[in-house]
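Accompanying notes for the structure given below.
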Amino acid sequence: MVDADQTFVIVGGGLAGAKAAETLRAEGFTGRVILICDERDHPYERPPLSKGYLLGKEERDSVFVHEPAWYARNDIELHLGQTVDAVDRTAKTVRFGEDGTVVRYDKLLLATGAEPRRLDIPGTDLAGVHHLRRLAHAERLKGVLTTLGRDNGHIVIAGGGWIGLEVAAAAREYGAEVTVVEHNPTPLYRVLGPELGNLFAELHREHGVRFHFGARLTEIVGQDGMVLAARTDDGEEHPAHDVLAAVGAAPRVSLAEAAGLEIADRAHGGGVVVDERLRTSDPDVYAAGDVAAFPHPLFDIRMRVEHWANALNGGPAAARAMLGQDITYDRVPYFFTDQYDLGMEYSGWAPPGTYDEVVIRGDAGKREFIAFWVKENRVLAGMNVNVWDVTEPIQQLIRSQAQVDTEALASPHVPLESVGSQAS
């Protein structure tokens, strides 16, 4: 079958889906490309929703992956505001949820992403309870923070992960009062561990954020539909005009699960199980982005990565695999954040319990340093804070799996590129 006779369907109009469609055309695919997005907005990138756009420093149009005219120009059949409610793998069809339209595919890519986890507590139906995942959420939250800043209002944020802290920073820049409730002993505990989690806690405290660690929200108290306070399981009550639920995200696997595809268990991040080529348990169905649980050869685990770079790189990798190219998806996980005057990039994977020590190169007190998570003298992850143009050598240290001299690793006088050769 020649390309022109084939139909490739992409379900999910986020960054992964849009970049997959772009890659199919860039690689010369001449068949039908159908991109189905359940939002009415054109495909957009999510980092600005909690960073520049939320802060009012980036225009709305800057978040979109492509200008609207790009899709027609590249013969991408874009369906906005449409959902897919069924995949028939035997007939190789997808069915639209709105009008029951059935479309046949030769290859199918699931890029359905993730959705915010909900707080299962009383009061979440109040008008001042928010989530942040979609552009519409960011637009609403930007208005809320503007009002809170003007009126000296208070927002309680449930969750001290990346979204929670980025919104906390934005809220303080608007002038709002902020309390972060986090059940772990530090923010970012499950990603950075206590050593670096404390650094972010101090950064936010310096900017007026209050933390309540070791607790979870149990109730949001309101009156006449509006938020008044948030209560925690240790008996504390925090005054609030608004509450943000930032307690993580769950992969959107219901479509894949109903289609009989293999799903990873929640202990391993959930997601649609794929191989190194991002193929699911059906060889004509692929998955990429937040929803894909892929085997990573460097870390010898199956992982699901919810960050921008995974969507940016995973979508194109899946597209090339759909075209029959021999690819192995083994990108080193990467993410970044900007909070106040701190900029950070993180590469690798080293949750608490997987490393022996954290090695610091530079001045952590001045927040100009690189941190390395090390196990058996091998670098598992690296985080550069207000130090730039070092992502490539950090990732090379991770990829090489070479044993390093930790004194050389800590020394700013030893080039990172040569640290691997300094081991005794």
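The values are calculated or read from the model by the stated rules, or taken from the named source; none is laboratory data. The structure presented is a predicted model; accordingly, all values stated were derived computationally and were not measured. Reconstructed Cβ throughout: ideal geometry from the backbone, glycine too, with neighbour counts over all protein chains shown. Only protein heavy atoms, including side chains, enter the accessible area calculation; ligands, DNA and RNA are left aside. Shrake-Rupley method; radii C 1.70, N 1.55, O 1.52, S 1.80 Å.
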Scan the range 113-150 residue by residue and report those that are open to solvent by less than 40 Å² (accessible area, probe 1.4 Å), among the small types (Gly, Ala, Ser) and assigned to a helix (DSSP H, G or I).
138, 143, 149
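Residues are listed down the side, and each one gets a yes or a no for (1) farther than 23 Å from residue 126 by Cβ; (2) open to solvent by 10 Å² or more (accessible area, probe 1.4 Å); (3) in contact with a Lys or Arg (Cβ under 9 Å, 6 or more places away or on another chain):
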| site | (1), (2), (3) |
| --- | --- |
| 156 | no, no, no |
| 160 | no, no, no |
| 165 | yes, no, no |
| 186 | yes, no, no |
| 190 | yes, yes, no |
| 204 | yes, no, yes |
| 207 | yes, yes, yes |
Of all residues being of a type in the set (Asp, Glu) and over 21 Å from the mean Cα position of the chain (by Cα) in the range 178-221, which is modelled with the lowest pLDDT? Just the residue, please.
195
Look at the range 298-309 and say how many of its residues are free of Cβ contacts under 8 Å to residues at least 60 places away in the same chain and either among the polar types (S, T, N, Q) or assigned to a helix (DSSP H, G or I) (or both).
1
Report, by residue number, each residue of the range 43-59 that is more than 19 Å from the chain's Cα centre (by Cα) and without any contact (Cβ under 8 Å) to a residue 40 or more places away in the chain.
57, 58, 59
Determine whether residue 295 is open to solvent by 10 Å² or more (accessible area, probe 1.4 Å), assigned to a strand (DSSP E or B), farther than 30 Å from residue 415 by Cβ and of a type outside the set (D, E, K, R).
yes
Based on what the data block shows, is residue 228 open to solvent by 80 Å² or more (accessible area, probe 1.4 Å) and either modelled with pLDDT under 95 or assigned to a strand (DSSP E or B) (or both)?
yes
For the range 230-268, what are the residues that are in contact (Cβ under 8 Å) with a residue 60 or more places away in the chain and more than 28 Å from the chain's Cα centre (by Cα)?
238, 239
Taking into account only those residues within the range 385-403 that are at pLDDT 95 or above and of a type in the set (A, V, I, L, M), which is most open to solvent (accessible area, probe 1.4 Å)?
387
Residues located in the range 60-88, provided they are part of a helix (DSSP H, G or I) and under 19 Å from residue 134 (Cβ atoms)
60, 61, 62, 63
Expected single match for closer than 17 Å to residue 11 by Cβ, charged (D, E, K, R), open to solvent by 10 Å² or more (accessible area, probe 1.4 Å) and assigned to a loop (DSSP other than H, G, I, E, B) among 282, 290 is 282
Residue 242 vs. criteria open to solvent by less than 40 Å² (accessible area, probe 1.4 Å), modelled with pLDDT of 95 or more and of a type in the set (D, E, K, R):
yes
Please verify whether the range 344-360 includes one or more residues that are modelled with pLDDT of 95 or more, more than 17 Å from residue 192 (Cα to Cα) and open to solvent by 30 Å² or more (accessible area, probe 1.4 Å).
no
Determine which member of the set 54, 35, 80 is at pLDDT 95 or above and closer than 26 Å to residue 329 by Cβ.
35
Look through the range 246-264, keep the residues that are assigned to a loop (DSSP other than H, G, I, E, B) and either touching a helix residue (DSSP H, G or I) at 6+ places or on another chain (Cβ under 8 Å) or within 27 Å of residue 124 (Cα to Cα) (or both), and return whichever of them is modelled with the lowest pLDDT.
248
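Mind listing just one residue for me: the one in the range 89-103 that is assigned to a strand (DSSP E or B) and touching a residue at least 24 places away in the same chain (Cβ under 8 Å) and, of those, farthest from residue 32 (Cα to Cα)?
96
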Checking residue 307 against (1) open to solvent by 70 Å² or more (accessible area, probe 1.4 Å); (2) within 18 Å of residue 191 (Cα to Cα); (3) modelled with pLDDT under 95, the condition it does not meet
(1)
Top-ranked residue in the range 120-142 [being within 13 Å of residue 250 (Cβ to Cβ) and in contact (Cβ under 8 Å) with a residue 12 or more places away in the chain; ranked as nearest to the chain's Cα centre (by Cα)]:
133
Check the range 17-25 and report whether any residue there is within 19 Å of the chain's Cα centre (by Cα), loosely packed, with under 15 Cβ neighbours inside 10 Å and not aliphatic (A, V, I, L, M).
no
